[in-house]
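Below is one structure, written out as structure tokens, with a few remarks after it.
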Amino acid sequence: MNCDNEQIKADLRKIWNEVVDIIQDFGIELTGVLLEIETNEDGIEEIGDAVKRVATLATQMETATENYETKIEEAKSVGIELKDCLTENGFRIDSEIMLCGAGIIGTNIRKITYLQKGKSKTPKVEKHITELVGEISKNSKSIERFIDLTIKGDKAEKIKKSLDWKQEDIDKPLTQKEINALLIGDDSLIEQVKGIKTVEQALKAVEYGCMLDFVPEELRTAEVCLKAVRNIQCPDTGIIGTSNALQFVPEALKTAKLCAEAVKNNYRALAFVPEEFKTEEFCLKALEQDGSAFKYVPEKLKTEEFCRKAVKLDGCALEFVPEELKTAQLCLEAVRSKKNVIHLSPPIHNVFEFVPEVLKTAELCAEAVKNDGWAIKYVPKNLITAELYTEAVKQNSVILEYVPEEFKTFELCVEAVKNAIFVWLTLEHVPEKIKTTELWLEAVKDYIEDKKNDWVLIPGGENE
């Protein structure tokens with residue numbers, strides 16, 4: 001009976017962890033969809049793929065909630081509650097993570113739903129947005145059901161309030177300016193922007209750069225525009241880098257100096273820089289911020305030497321390098337890039353994804369995984385080895401969840417747990433047959449010395 005109870009606890013912990021991950025990932029994916037729609041309206045395939053990822057997460061959330069409802073009833077029948085399955089610190093932090101994730105979802109819900117009015121320029125994009133709203137609705141309902149089952153009090157209300165949105169709000173007739181204000185994320189700005197009549201008021205408004213869109217043309221002076229492109233923080237969310245004021249600057253005022261200032265603050269501004277200013281040096285400045293800026297680089301600049309400089313600045317630029325210029329040496333430079341960094345959850349893209357299959361040698365695969373453990377996802381099956389998986393979990397213990405059972409050796413699991421940020425989460429993915437006394441002691445010895453073992457749940461220990 002005790003063995004059965006432990007399995008029920010393990011199942012509840014697993015579902016709980018899955019939901020925490022889904023809520024985070026859903027917010028990230030919604031942000032990605034929004035960026036695709038706003039900056040890549042011609043990329044119908046990319047927008048469609050992003051919507052599919054959101055739909056997959058919505059289905060996973062629905063399934064996880066149903067599984068939890070079933071499992072919690074089973075648990076209650078034998079006197080087990082959620083608090084018996086999680087540490088107090090773990091529950092507290094996961095609740096905060098869910099609140100943060102719900103906040104990101106809520107912000108993007110408002111933005112994406114209002115995209116249904118005026119923002120979509122083609123029937124295909126409009127179709128994707130409609131599909132997206134349906135998936136958002138399904139996911140929000142699942143999250144609310146889960147919260148009702150697990151979290152009580154103010155925290156629960158805050159999470160649910162973050163997800164609160166009503167179809168009638170979407171159906172209200174709005175002007176394009178009002179839609180833009182809502183996309184910015186602050187309803188109170190709607191009234192504020194209607195009264196801009198002087199340069200002083202315009203300068204005040206562009207403390208949020210994206211507000212330049214609401215400044216009358218005759219008040220968009222060089223001073224106002226310069227201030228706008230320098231202020232890249234958007235209201236409400238406080239997210240840095242989301243504003244792209246250069247698109248609202250009159251062409252006559254787009255000097256080399258002003259464009260350089262805009263790109264310095266937001267690499268996406270490169271899309272709105274006049275072609276005559278897009279020199280190699282100018283474009284490389286944008287690429288220092290983010291390799292995705294490569295999509296805005298003129299074709300005439302995409303030489304072998306320029307591509308080499310680009311991927312050294314940010315390996316992510318490899319995605320946009322012409323296929324004929326992707327050499328073995330260039331791909332090596334990309335995977336070694338200082339910006340090919342570690343992610344704490346599966347990233348949407350990885351530099352190694354954009355390396356041609358024919359160039360993926362054992363040596364290049366090893367280099368890629370050494371630099372970013374998630375590269376293991378794009379290693380050809382015939383080149384996968386136990387050593388590569390071990391290196392991957394050394395770089396990022398979260399990857400243990402995705403390691404096939406046949407590769408989960410004692411040595412690999414020890415490496416994963418030793419390098420874990422949240423040890424108890426990593427332990428969920430260690431096979432039971434490997435959870436020996438030796439593994440537990442090896443995994444937590446540093447925590448015991450430093451008295452930092454709050455995250456570790458040791459069978460039979462005081463914190464079980």
* Structure fact -> Per the list (1) surrounded by fewer than 20 Cβ atoms within 10 Å (Cβ to Cβ); (2) at pLDDT below 90, residue check on Glu387 breaks on (2)
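Residues are listed down the side, and each one gets a yes or a no for (1) touching a strand residue (DSSP E or B) at 6+ places or on another chain (Cβ under 8 Å); (2) part of a helix (DSSP H, G or I); (3) in contact (Cβ under 8 Å) with a residue 40 or more places away in the chain:
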residue	(1), (2), (3)
Leu388	no, yes, no
Glu391	no, yes, no
Lys394	no, yes, no
Ile399	no, yes, no
Glu415	no, yes, no
Ala420	no, no, no
Trp424	no, yes, yes
His429	no, no, no
Lys433	no, yes, no
* Please give the number of the condition Glu18 fails out of (1) acidic (Asp, Glu); (2) at pLDDT below 75; (3) in contact with a helix residue (DSSP H, G or I) (Cβ under 6 Å, 6 or more places away or on another chain). => (2)
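Identify, please: which residue in region 374-383 is surrounded by fewer than 20 Cβ atoms within 10 Å (Cβ to Cβ) and touching a helix residue (DSSP H, G or I) at 6+ places or on another chain (Cβ under 8 Å) and is, among those, nearest to Asn17 (Cα to Cα)?
Lys377
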* Asked: Quick one: in region 227-244, which of the residues that are at pLDDT 85 or above and buried (at least 19 other Cβ atoms within 10 Å of the Cβ) is farthest from the chain's Cα centre (by Cα)?
  -> Lys227
* Asked: Would you pick out the residues in region 265-318 that are outside any helix (DSSP H, G or I) and in contact (Cβ under 8 Å) with a residue 24 or more places away in the chain?
  -> Asn266, Val273, Asp290, Val297, Asp314
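The values are calculated or read from the model by the stated rules, or taken from the named source; none is laboratory data. If you're wondering where the values come from, they're calculated on a predicted model, not measured in any experiment. Virtual Cβ from ideal backbone geometry, glycine too; neighbours counted across all protein chains shown.
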